[in-house]
1. Tally up the residues in region 49-78 that are small (Gly, Ala, Ser) and either more than 16 Å from ligand 1 (Cβ to nearest atom) or in a strand (DSSP E or B) (or both), please.
2. Listed residues ASP135, ASP168; which is of a type in the set (Asp, Glu) and surrounded by fewer than 16 Cβ atoms within 10 Å (Cβ to Cβ)?
3. For region 166-195, enumerate the residues that are more than 30 Å from LYS209 (Cβ to Cβ) and touching a residue at least 12 places away in the same chain (Cβ under 8 Å).
4. Inspect region 147-160 for any residue being in a loop (DSSP other than H, G, I, E, B) and either surrounded by 20 or more Cβ atoms within 10 Å (Cβ to Cβ) or within 22 Å of the chain's Cα centre (by Cα) (or both) and give the result as yes or no.
5. Of the residues ILE259, ILE299, ILE268, ILE252, only one is touching a residue at least 12 places away in the same chain (Cβ under 8 Å), under 14 Å from the mean Cα position of the chain (by Cα) and surrounded by fewer than 24 Cβ atoms within 10 Å (Cβ to Cβ); which?
6. If you scan region 161-176, which residues turn out to be assigned to a loop (DSSP other than H, G, I, E, B) and either of a type outside the set (Ser, Thr, Tyr) or in contact with a Lys or Arg (Cβ under 6 Å, 6 or more places away or on another chain) (or both)?
7. How many residues are near ligand 2 (Cβ under 7 Å from one of its atoms) and either within 15 Å of ILE141 (Cα to Cα) or among the basic types (Lys, Arg) (or both) if we restrict to region 53-71?
8. Quick check on ASN144: is it away from ligand 2 (no atom under 16 Å from the Cβ) and either in the same structural domain as VAL14 (by TED's automatic domain parsing) or free of Cβ contacts under 8 Å to residues at least 60 places away in the same chain (or both)?
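The values are calculated or read from the model by the stated rules, or taken from the named source; none is laboratory data. Since the model is a prediction, treat every value here as computed from it, not as a measurement. Neighbour counts are summed over all protein chains in view; Cβ atoms, including those assigned to glycine, are modelled from backbone coordinates with ideal geometry.
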Amino acid sequence: MTSGTIRFIHKNKVLSIHNPDPNETILNFVRAKLGKTGTKEGCAEGGCGACTIVLGELKKSKIIYKAINACIAFVPTLAGKQLILVEDLVSGDGSLHPIQKAIIDYHGSQCGFCTPGFVMSLFAMYKNYSFYKDDIIRDSISGNLCRCTGYRPIIDAAKSLNKISKFDFFKRNQQLSISLLKKIKLKSIVISNKNRKYFAPKNVNELKKILKQYPNSKLLSGGTDVSLVVTKERKDLDSLIYMNSIDELNYIKKNKNYIEVGATTPLIDFELFIKKYFPDFAQILKRYGSTQIRNICTIAGNIATASPIGDTLPLLLSLDSQIIIKDKDKTKILPLNGFFINYRKTKLKKGQFIHSIRIPLLLKSIFKAYKISKRIDDDISSVCASFNVELKNNKVKKIRVAYGGMANIPKRAIYCEKILLNSSLSDNIINKAKKSLEKDFKPITDVRASQKYRMEVAKNLLEKCFLEIKQKKLIRINT
Ligand SMILES: Cc1cc2nc3c(=O)[nH]c(=O)nc-3n(C[C@H](O)[C@H](O)[C@H](O)COP(=O)(O)OP(=O)(O)OC[C@H]3O[C@@H](n4cnc5c(N)ncnc54)[C@H](O)[C@@H]3O)c2cc1C
Ligand code: FES
Ligand code: FES
């Protein structure tokens, strides 16, 4: 059964919108239609956090609170969720939420433009954790920019939350919110608004049928890439298929050979899971966008975007990952190596979708990855390097080296791998391997880095990797 009406809860009431515009952002909706102007627009591209709102999602009868950027999320994706805005934090009697009070008490606001966004990011943290350690606080506000107060008073305000009761208005009303979320349990959604269509299938079978009928539709997962077509390029997306409504694809499973990640699994869940198996993978993800971005974006979206600076891509390439691709009647398992064919072009054909990603569990390997960007948080890589090395009797038995930011696609360094394979890790070999990167890559100069800088950094990261291996210790500033 399908519906053209989306239903979500706001202030413990069910709101319904019939056939909303699939290209309208939640930010525009809350400001223009709900008249709630506390949520601000700064950059309109997910980079400043001024538009941060929180969505409550039901998971195993518990509400998970997710801070997201309302400027790059479309209205129909609200279906089945609890919408929480900065205005909603004030109780009926006018008393402020502990977070709002802490921001005032610790002087965490000056001009105030960024403040609602910080409050909402800290609200999600307050609800999801029981103790707020420094790294949790920093991570929670990594997607919020403040140009005047500075971050210390805001961090002090966040730390002060450790001393207060967690029993807020939302906790008091939790059972009501849960029962309402259960009541509006999702149907498949088909929206027709003028010439725009939007589908939110509930399962893979429905997805296949929609793709067969509308093969030119754009797949929408977290939307952290797709939405910018509307908000920045000012173009229309006439037919969208929302992947993240398919719970069946939101999974991470592991057997003795590999880890498999379903296409709609939020990156933040994968980040927590992968830490145990490939700690450097998790370290890179910590610096991937912001918490708001990782709460909704997916690896599948990162792969299909095929950006030369997509951060998961060199890592997945060096790990010999595979992707499972499906269409209406076939399933294909492809190695990621060779999947990227040109700048932002992949082997994916119309009517196909990424079902899942398989990452081999290379238990004998040493895996290392490094991201170089101008800022630690919420910044795009200038260069991202990833190494997967298996040693036997001090010789390289297997090697995979992959880089992002060095070519028009994320790419393995084949010449460099050839030099290292079956070699000892002498200075001479490492120097030869470094030199061979000049044969593998001809990087470009752009706003992020010059060609010379990129090549120098790529060589240095290779040297760093083998120094860390030889010295059996990490050479890092941020770990
Ligand atoms: C502020 C900001 C910061 C960012 N920081 C980083 C960063 O640090 N590192 C980085 O690598 N990226 C970054 N990005 C880019 C973006 O977040 C990633 O590429 C993300 O992984 C995209 O995932 P998504 O689920 O949001 O994809 P979407 O935007 O939904 O889709 C992206 C593309 O993939 C296609 N697609 C989606 N799902 C599937 C599927 N299952 N099968 C086939 N095709 C599919 C879509 O049609 C579209 O072409 C950032 C983006 C923003 C806005
Ligand atoms: S307005 Fe800047 S992140 Fe949304
Ligand atoms: S208080 Fe002015 S931008 Fe943060």
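1. Initially, region 49-78 is screened for residues small (Gly, Ala, Ser), giving 49-50, 56, 61, 67, 70, 73.
With the extra rule that they be either more than 16 Å from ligand 1 (Cβ to nearest atom) or in a strand (DSSP E or B) (or both), the set shrinks to 56, 61, 67.
Residues flagged as small (Gly, Ala, Ser) and either more than 16 Å from ligand 1 (Cβ to nearest atom) or in a strand (DSSP E or B) (or both) within region 49-78 amount to 3.
2. Values: ASP168 fails: surrounded by fewer than 16 Cβ atoms within 10 Å (Cβ to Cβ).
Answer to the selection: ASP135.
3. Quick first cut of region 166-195, residues more than 30 Å from LYS209 (Cβ to Cβ) only: 166-180.
Answer for region 166-195, where residues must be more than 30 Å from LYS209 (Cβ to Cβ) and touching a residue at least 12 places away in the same chain (Cβ under 8 Å): LYS166, ASP168, PHE169, PHE170, ASN173, GLN174, LEU176, SER177, ILE178, LEU180.
4. No, every residue in region 147-160 fails to be in a loop (DSSP other than H, G, I, E, B) and either surrounded by 20 or more Cβ atoms within 10 Å (Cβ to Cβ) or within 22 Å of the chain's Cα centre (by Cα) (or both).
5. The unique qualifying residue is ILE268.
6. Answer for region 161-176, where residues must be assigned to a loop (DSSP other than H, G, I, E, B) and either of a type outside the set (Ser, Thr, Tyr) or in contact with a Lys or Arg (Cβ under 6 Å, 6 or more places away or on another chain) (or both): ILE164, LYS166, PHE167, ASP168, ASN173.
7. Pass one, region 53-71, residues near ligand 2 (Cβ under 7 Å from one of its atoms): 69-71.
Next, from what is left, pick out any that are either within 15 Å of ILE141 (Cα to Cα) or among the basic types (Lys, Arg) (or both): 69.
Of the residues in region 53-71, 1 are near ligand 2 (Cβ under 7 Å from one of its atoms) and either within 15 Å of ILE141 (Cα to Cα) or among the basic types (Lys, Arg) (or both).
8. Values: away from ligand 2 (no atom under 16 Å from the Cβ): no; either in the same structural domain as VAL14 (by TED's automatic domain parsing) or free of Cβ contacts under 8 Å to residues at least 60 places away in the same chain (or both): yes.
Spelling it out, it is not the case that ASN144 is away from ligand 2 (no atom under 16 Å from the Cβ) and either in the same structural domain as VAL14 (by TED's automatic domain parsing) or free of Cβ contacts under 8 Å to residues at least 60 places away in the same chain (or both).
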